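First the structure, in the form of C-alpha cells, and then the observations on it.
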Amino acid sequence: MFNKHALRTGVALATVLGISFTSCKNDDNDTPTPPPARTKSFDLKGTGADKDTKVGNITLTENTDSSVNVVLNLTKNTKDAAHKIYLIAGTTTAPVTDTLYNGAFQGTGAALKVDLFTKVKTIKVNKPGGIQKDTAFKYDNALAIASHIKVLKGADTLAIGLFGKSN
C-alpha cells in the first residue's frame, strides 16, 4: 500500500514542509526603521531695497541621536569680504543681549552654506558681563527659543530673519 501511494505521499510531504519553512520568519535580526528626521527652515530677507527679497534661509535638522544641525544658506554675499553672523535671542524688534552664536565667514560672491551647529545637544549662551550658560539645544529646545539671525558685512546688514518660536 505504501508503494502504491509513494508519489502522492512524497508530494504531500514536500508541500507541507515547503509551507512550514516559508512561513517561518526570523524576527531576531530586524532593525527598527528610525523615524524620519524632523526639519524646519526659516527665511532670511535682505535689507534696504532688498527687504522683501528672500536672500537665504536657516535650517534646523534633527539627527537620529537627538542632536541637531543648524545650517545657514545664503544666495548672495560679497566676494573676498569678511562677514559676521549673529544668532541673538529675542526678535528683530525686541532683541535681548543673549548671543546664541557668533561666527564669521569669508565671502565667495556665490551661494554659500555655513554650518552654524553640527551634532549639538547643548550650546553655550553668551550672557551680559561675559557669563556663559549651558543651554539645552535639541530640536524642540531650539524651536522654543525666540531668536533672530543677522548676517553683516562690516556695519551693513545683508540678511536678517527670525529663528525658533518667534516665527
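So THR118 fits all but one of (1) under 20 Å from THR75 (Cα atoms); (2) at pLDDT 95 or above; (3) loosely packed, with under 15 Cβ neighbours inside 10 Å; what number is the exception?
(1)
Pull out all pairs, ordered by first then second residue, where Cβ-Cβ is under 6 Å, the residues are six or more apart or on different chains, the first lies in the stretch 116-135 and is in contact (Cβ under 8 Å) with a residue 24 or more places away in the chain and more than 11 Å from VAL68 (Cα to Cα), and the second is open to solvent by 50 Å² or more (accessible area, probe 1.4 Å) and part of a strand (DSSP E or B).
Hits for this filter: VAL125/LYS133; ASN126/GLN132; LYS127/LYS133; PRO128/THR97.
State whether the residues of the stretch 91-99 include one that is out of contact with any strand residue (DSSP E or B) (no Cβ under 8 Å at 6 or more places or on another chain), surrounded by fewer than 12 Cβ atoms within 10 Å (Cβ to Cβ) and modelled with pLDDT under 85.
If we filter the stretch 91-99 for residues that are out of contact with any strand residue (DSSP E or B) (no Cβ under 8 Å at 6 or more places or on another chain), which is where we start, we get 93-94.
Keeping just the survivors that are surrounded by fewer than 12 Cβ atoms within 10 Å (Cβ to Cβ) gives 93-94.
Checking the rest, the ones that are also modelled with pLDDT under 85 come to 93-94.
Yes, that holds for at least one residue.
Any residue at all in the stretch 137-154 that's free of Cβ contacts under 8 Å to residues at least 12 places away in the same chain and open to solvent by 80 Å² or more (accessible area, probe 1.4 Å)?
Yes, the stretch 137-154 contains a residue that is free of Cβ contacts under 8 Å to residues at least 12 places away in the same chain and open to solvent by 80 Å² or more (accessible area, probe 1.4 Å).
Scan the stretch 128-145 for residues that are among the small types (Gly, Ala, Ser), under 19 Å from PRO95 (Cβ atoms) and modelled with pLDDT of 90 or more and jot them down. Quick ask: steps written out before the conclusion?
Quick first cut of the stretch 128-145, residues among the small types (Gly, Ala, Ser) only: 129-130, 136, 142, 144.
So of that shortlist, the ones also under 19 Å from PRO95 (Cβ atoms) come out as 129-130, 142, 144.
Across the stretch 128-145, the qualifying residues are ALA142, ALA144.
For the stretch 139-167, which positions are in contact with a strand residue (DSSP E or B) (Cβ under 6 Å, 6 or more places away or on another chain) and either among the small types (Gly, Ala, Ser) or more than 30 Å from ALA49 (Cβ to Cβ) (or both)? Working first, answer last.
The first filter runs over the stretch 139-167 and keeps only residues in contact with a strand residue (DSSP E or B) (Cβ under 6 Å, 6 or more places away or on another chain), leaving 139, 142-143, 145-153, 157-167.
Those that are in contact with a strand residue (DSSP E or B) (Cβ under 6 Å, 6 or more places away or on another chain) and either among the small types (Gly, Ala, Ser) or more than 30 Å from ALA49 (Cβ to Cβ) (or both): TYR139, ALA142, LEU143, ILE145, ALA146, SER147, ALA159, GLY161, GLY164, SER166.
The values are calculated or read from the model by the stated rules, or taken from the named source; none is laboratory data. Keep in mind it's a predicted model, so treat the numbers as computed, not measured. Reconstructed Cβ throughout: ideal geometry from the backbone, glycine too, with neighbour counts over all protein chains shown. For the accessible areas, the whole protein counts, side chains as well, though only heavy atoms, and no ligand, DNA or RNA atoms are used. Shrake-Rupley method; radii C 1.70, N 1.55, O 1.52, S 1.80 Å.
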